[in-house]
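A short write-up of the structure that comes next.
All of the numbers you see were taken from the coordinates with simple rules; none came from a lab. Not measured: the values here are computed from a predicted model. We place every Cβ from the backbone using ideal geometry, glycine too, and count neighbours over all the protein chains shown.
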Amino acid sequence: MENEKELADIIRAIKEDEDLSDLLLSVLDLDKEQRILALQKLAREIERDGAPIYLIEAILSLQNHSLAKSVQEVLTN
């Protein structure tokens, strides 16, 4: 139940920004190590741009492989 709520919150945060959604789809296709580095860099960049903390946390949570795959599936459908 906790994971479902977390997943819904992440997807809602990401879908609010279409450019971010497209960028994340390309990042989520990377292998695990590259994905983690790209997500960390993206989080730093949007934090610098003044993004809300919930969005930064949502992006960083995608370092979890199974969560990342779930989000990727939802965003592509």
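Below are the figures for this structure:
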item: Packing-based exposure ordering (other Cβ within 10 Å, fewest first) of Ile10, Ile59, Ile53; result: Ile53, Ile10, Ile59
item: Compactness of the chain, expressed as Rg and Dmax over alpha-carbon positions, Å; result: 11.3, 33
item: Radius of gyration, Dmax [the range 21-64; alpha carbons; angstrom]; result: 9.8, 28
item: Helix-only CD estimate at 222 nm, as mean residue ellipticity for the chain, using -39500 (n - 2.57) per DSSP H run (n ≥ 4); result: -25500 deg cm²/dmol
